[in-house]
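K.L.:
This is the structure I have questions about; it appears just below.
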Amino acid sequence: MQDKKVKIDIEVLKRYLEGNFSREDESKVRSWFTQTESDDDLEENSGMIWDGISPDKNIPGYKESEILDRIHHKIRLDEKLYANETSQRFVFLKYLTKIAALLFIPLLVASLFLYFQNNTFRNSASYAEIYSPFGSRTNFYLPDGSTGVLNGGSSLKFPTQFTGKLRNVTLKGEAYFKVTPDHEKPFIVSTKNISVKVYGTTFNVMAYDDQQITEVTLESGQVEVLKNQDKCLKSIGFLKPEEQCIYSFLSDSSEIRAVNSAEKLSWLEGKLSFKYESFEDVVRKINQWYNVNIEIKDEVLNTYIYYGTFKDETLDEVLKLLQYTAPIRYRDVERKRNQDGTFEKRKIEIYYKKTE
């Protein structure tokens with residue numbers, strides 16, 4: 001049966017600590033540490049070893065009492081420094097806490113600002129935009145139940161939900177509108193130069209950005225035409241059915257006249273109509289309808305007036321038919337190829353053909 005307390009040979013331990021130990025010494029030391037059954041045994045044996053080491057009093061300057069005093073002084077000094085550091089750390093932490101509190105206030109304000117900004121953004125209306133390519137017609141449906149048709153080369157921007165006191169849409173190009181009646185919330189069509197205010201009616205607006213003329217044609221109901229002047233809207237006048245308002249941006253002039261709305265709206269049926277129109281206007285409509293670039297090379301052609309209707313004819317067929325009623329000749333310009341491999345749209349030059 002093995003003793004609970006292991007007797008340690010101090011000389012063996014000294015050899016082990018000095019590095020001059022044998023395998024047998026190492027085995028004994030390991031056995032002492034592994035066989036110690038409790039911290040009390042370890043403390044008792046350590047004390048025995050400490051007491052068993054005799055001081056070497058022959059060391060120059062060795063004074064036992066002074067060394068002990070220095071050790072005690074060092075211990076007290078370390079305790080004081082630790083207490084002081086702890087106090088300073090506590091004061092520093094209080095200082096940091098105040099700074100954190102001060103920083104938290106603007107941080108909270110900024111967070112609330114971003115929160116309300118995000119909420120405002122979420123609550124703000126989102127928009128949709130419809131584009132109708134040249135040579136095509138595109139139907140559209142608005143959130144309030146209003147409907148309409150976009151002509152080629154036109155776009156319509158509108159909110160996904162009408163909020164507020166107005167139903168506002170933005171048009172570039174030409175569109176036919178059939179507006180759902182709502183007398184408490186007027187419907188506004190905004191263009192580059194004019195706006196049209198309605199409550200429930202059917203009408204047509206032609207307002208291409210590259211044209212000097214804007215036209216509003218009323219089919220049914222009543223509309224008010226307003227011009228954009230000094231960032232304000234100024235009324236031009238009210239239209240009755242079968243009336244048209246023509247506004248010139250360059251001259252800042254307008255005219256309201258009686259028209260046949262069915263003829264003006266024939267484009268809805270795929271018809272390209274000219275009713276006593278100048279050759280310049282004819283070419284402009286052809287360019288939009290067929291997405292082509294026709295240039296008039298002789299200004300004398302602009303004095304000719306045209307009347308006619310085309311439906312389902314190709315561009316070449318239209319040009320040939322025009323030759324029967326006007327002294328013109330035309331030629332195709334070679335189409336250039338773009339860097340992405342596509343070609344520029346067809347370009348045609350029209351000249352005055354002298355009669356013999």
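K.L.:
Could you grab me the full set of residues in segment 322-334 that are assigned to a loop (DSSP other than H, G, I, E, B) and surrounded by 13 or more Cβ atoms within 10 Å (Cβ to Cβ)?
P.N.:
So in segment 322-334, the residues assigned to a loop (DSSP other than H, G, I, E, B) come out as 326-327, 334.
The answer is Ala326, Pro327.
K.L.:
Of Ser220, Ser190, which residue is free of Cβ contacts under 8 Å to residues at least 24 places away in the same chain and closer than 18 Å to Val259 by Cβ? Talk me through it step by step, then tell me what you get.
P.N.:
Numbers: Ser190 fails: closer than 18 Å to Val259 by Cβ.
When all the criteria are applied, what remains is Ser220.
K.L.:
Something else about it: Given the criterion buried (at least 17 other Cβ atoms within 10 Å of the Cβ) and closer than 23 Å to Gly135 by Cβ, identify the matching residue among Thr217, Thr201. Spell out how you get there, then give the answer.
P.N.:
Numbers: Thr201 fails: closer than 23 Å to Gly135 by Cβ.
Answer to the selection: Thr217.
K.L.:
Identify the single condition in (1) within 20 Å of Leu239 (Cα to Cα); (2) under 26 Å from the mean Cα position of the chain (by Cα) that Ile194 does not satisfy, given that it satisfies every other one.
P.N.:
(2)
K.L.:
Evaluate the following for Ser248: is it out of contact with any His (no Cβ under 8 Å at 6 or more places or on another chain), farther than 22 Å from Arg346 by Cβ and not assigned by TED's automatic domain parsing to the domain that holds Lys353? Before you say what the answer is, go through the steps one by one.
P.N.:
Working: out of contact with any His (no Cβ under 8 Å at 6 or more places or on another chain): yes; farther than 22 Å from Arg346 by Cβ: yes; not assigned by TED's automatic domain parsing to the domain that holds Lys353: yes.
Yes; evaluated as a whole, the condition is true for this residue.
K.L.:
Do you know which residues across segment 331-351 are within 30 Å of Lys264 (Cβ to Cβ), at pLDDT 90 or above and not hydrophobic (A, V, I, L, M, F, W, C)? Outline the logic, then answer.
P.N.:
Step one: of segment 331-351, the residues within 30 Å of Lys264 (Cβ to Cβ) are 345-350.
Restricting the remaining residues to those that are at pLDDT 90 or above gives 347-350.
Scanning segment 331-351 gives Lys347, Glu349.
Conditions (1) in contact with a Cys (Cβ under 9 Å, 6 or more places away or on another chain); (2) surrounded by 15 or more Cβ atoms within 10 Å (Cβ to Cβ); (3) within 24 Å of Arg137 (Cα to Cα), marked per residue:
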site: Leu239; (1), (2), (3): yes, yes, no
site: Cys245; (1), (2), (3): no, yes, yes
site: Arg257; (1), (2), (3): yes, no, no
site: Gly270; (1), (2), (3): no, no, yes
site: Phe274; (1), (2), (3): no, yes, yes
site: Val283; (1), (2), (3): no, yes, yes
site: Asn291; (1), (2), (3): no, yes, yes
site: Leu301; (1), (2), (3): no, yes, no
site: Val318; (1), (2), (3): no, yes, yes
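K.L.:
For segment 208-221, which positions are over 16 Å from Glu255 (Cβ atoms) and either touching a Pro at 6+ places or on another chain (Cβ under 8 Å) or not in a loop (DSSP other than H, G, I, E, B) (or both)? Reasoning before the result, please.
P.N.:
Applying the first criterion (over 16 Å from Glu255 (Cβ atoms)) to segment 208-221 yields 208-210, 219-221.
Result: Glu219, Ser220, Gly221.
K.L.:
Which one of these is modelled with pLDDT under 90 and assigned to a strand (DSSP E or B): Tyr307, Tyr247? Please lay out each step first, then the result.
P.N.:
Details: Tyr247 fails: modelled with pLDDT under 90.
Going through Tyr307, Tyr247 in turn, the sole match is Tyr307.
K.L.:
Hey, another quick one. If the Cβ limit is 6 Å and pairs must be 6+ apart or interchain, which residue in segment 292-308 that is within 11 Å of Asp281 (Cβ to Cβ) pairs with which residue that is charged (D, E, K, R)?
P.N.:
Cβ pairs passing all conditions: Asn302/Glu280; Tyr306/Glu277.
K.L.:
Quick one: count up the residues across segment 176-202 that are in a strand (DSSP E or B) and of a type in the set (D, E, K, R). Steps first, please.
P.N.:
Let us first name the residues in segment 176-202 that are in a strand (DSSP E or B), namely 176-178, 187-190, 194-198, 202.
Going one step further and asking which of them are of a type in the set (D, E, K, R), we end up with 178, 197.
So the answer is 2.
K.L.:
Scan segment 141-153 for residues that are part of a strand (DSSP E or B) and in contact (Cβ under 8 Å) with a residue 40 or more places away in the chain and jot them down.
P.N.:
Here is the first cut: in segment 141-153, the residues part of a strand (DSSP E or B) are 141, 147-150.
Scanning segment 141-153 gives a single hit, Val149.
K.L.:
Here are Ser253, Ser266: which of them is more than 37 Å from the chain's Cα centre (by Cα) and either at positive phi or without any contact (Cβ under 8 Å) to a residue 12 or more places away in the chain (or both)? If you could, list the steps in order and put the result at the bottom.
P.N.:
Values: Ser266 fails: either at positive phi or without any contact (Cβ under 8 Å) to a residue 12 or more places away in the chain (or both).
That would be Ser253, the only listed residue that is more than 37 Å from the chain's Cα centre (by Cα) and either at positive phi or without any contact (Cβ under 8 Å) to a residue 12 or more places away in the chain (or both).
The values are calculated or read from the model by the stated rules, or taken from the named source; none is laboratory data. Since the model is a prediction, treat every value here as computed from it, not as a measurement. Methodologically, a virtual Cβ is constructed for each residue, glycine included, from the backbone with ideal geometry; neighbour enumeration extends over all protein chains shown.
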